[in-house]
1. Would you check if residue 150 is within 27 Å of residue 108 (Cα to Cα), in contact with a strand residue (DSSP E or B) (Cβ under 6 Å, 6 or more places away or on another chain) and surrounded by fewer than 17 Cβ atoms within 10 Å (Cβ to Cβ)?
2. Counting only residues that are in contact (Cβ under 8 Å) with a residue 60 or more places away in the chain and more than 18 Å from the chain's Cα centre (by Cα), how many does the range 12-52 have?
3. Can you tell me which condition residue 138 does not meet? The list is (1) crowded, with 19+ Cβ neighbours inside 10 Å; (2) free of Cβ contacts under 8 Å to residues at least 40 places away in the same chain; (3) not in a helix (DSSP H, G or I), and all the others hold.
4. Please list, ordered by first then second residue, the pairs with beta carbon atoms under 9 Å, 6 or more apart or interchain, first in the range 148-163 and on the phi > 0 side of the Ramachandran plot, second part of a helix (DSSP H, G or I).
5. Considering only the range 184-199, state which residues are in contact with a helix residue (DSSP H, G or I) (Cβ under 8 Å, 6 or more places away or on another chain) and surrounded by fewer than 16 Cβ atoms within 10 Å (Cβ to Cβ).
6. Considering only residues that are within 13 Å of residue 126 (Cβ to Cβ) and either crowded, with 17+ Cβ neighbours inside 10 Å or modelled with pLDDT under 95 (or both), which ones fall in the range 161-176?
7. Find the residue count for the range 194-226, including only residues that are under 17 Å from residue 144 (Cβ atoms) and either assigned to a loop (DSSP other than H, G, I, E, B) or free of Cβ contacts under 8 Å to residues at least 24 places away in the same chain (or both).
8. Mind checking which residues of the range 141-193 are under 15 Å from the mean Cα position of the chain (by Cα) and not in a helix (DSSP H, G or I)?
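The values are calculated or read from the model by the stated rules, or taken from the named source; none is laboratory data. Note that the structure is predicted; figures quoted are calculated from it, not measured. Positions of Cβ are backbone-derived with ideal geometry, glycine not excepted, and every protein chain shown enters the neighbour counts.
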C-alpha cells in the first residue's frame, strides 16, 4: 500500500485530526498541499513536518468560499502538477440544544461549514481527477450522521448531507479510476475534547492516528474497489 509521490490536498490541516493526517501521509511519501484558515498555524505545521520544498505546499483558504477554494486547487495543481487525492478534514461542531431550541443561524453555520465546504472542494478537484483518470476523495463525516443523538441535530444533519453528497459523487465517478468515500469517527481523542469532557472515558475514544490510517488505505491502489463506502472508525465506543 503506497501513496508515495501522490499529490494530496488536505483541508483543515492544522486541527488535531488534520495534523495526524498530514503526518501520516508525509511519512508515506506523499507530496502535500495543506490548507487551513491561519497562515501562521500552517507555517508551524510545515516547520514540524520538515519536508523538502518539492513535497510541501501551504495555502491559507476559506473552504466555505467558492473563490478561495478555486484558487487553492489551482495553486495545488500548478505547484504539484496533479491533484491525486483530496482529504477533506475541515469541519466542526456546534450544538448542545434540542432542535426546538436551535437557532436558524446555528443550522446555517453547520450546513456551510460541513456540507457546503465539502461540495466546493470536491467540485474543484474533480475535473483534475477525471482528466488524469485517477483520484481519491475521502471526507470526514461523523457517527452522529448515522446514529444521531440528542442536542446535535444541526451538526448531525450537516454530516448526513455530507455522506449523501460523497455517495452521489461515488456514483458519478464509477469506472473513471476515481473513488469517493467517507470515514465516520466517533469522538476523537484530542486535547480539546478531553478539556471539554474531562469526566469521559477517554479509552473509548478513537485516536486521530487510527482515522488517518483508514484514510491512507482509502487513498491507495489496494482500495480501488472501495467506492461510496461509509467507513466506521468508532474506537471502543
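1. Values: within 27 Å of residue 108 (Cα to Cα): yes; in contact with a strand residue (DSSP E or B) (Cβ under 6 Å, 6 or more places away or on another chain): no; surrounded by fewer than 17 Cβ atoms within 10 Å (Cβ to Cβ): yes.
No.
2. The total comes to 0.
3. Unmet for residue 138, out of (1) crowded, with 19+ Cβ neighbours inside 10 Å; (2) free of Cβ contacts under 8 Å to residues at least 40 places away in the same chain; (3) not in a helix (DSSP H, G or I): (2).
4. 151/99; 151/101
5. 191, 192, 194
6. Result: 165, 166, 169, 170, 173.
7. So in the range 194-226, the residues under 17 Å from residue 144 (Cβ atoms) come out as 196-197, 200, 204-206, 211.
Next, only the ones that are either assigned to a loop (DSSP other than H, G, I, E, B) or free of Cβ contacts under 8 Å to residues at least 24 places away in the same chain (or both) stay: 196-197, 200, 205.
Summing the residues that are under 17 Å from residue 144 (Cβ atoms) and either assigned to a loop (DSSP other than H, G, I, E, B) or free of Cβ contacts under 8 Å to residues at least 24 places away in the same chain (or both) in the range 194-226 gives 4.
8. Hits for the range 141-193 are 141, 142, 179, 180, 181, 182, 183, 184, 185, 186, 188.
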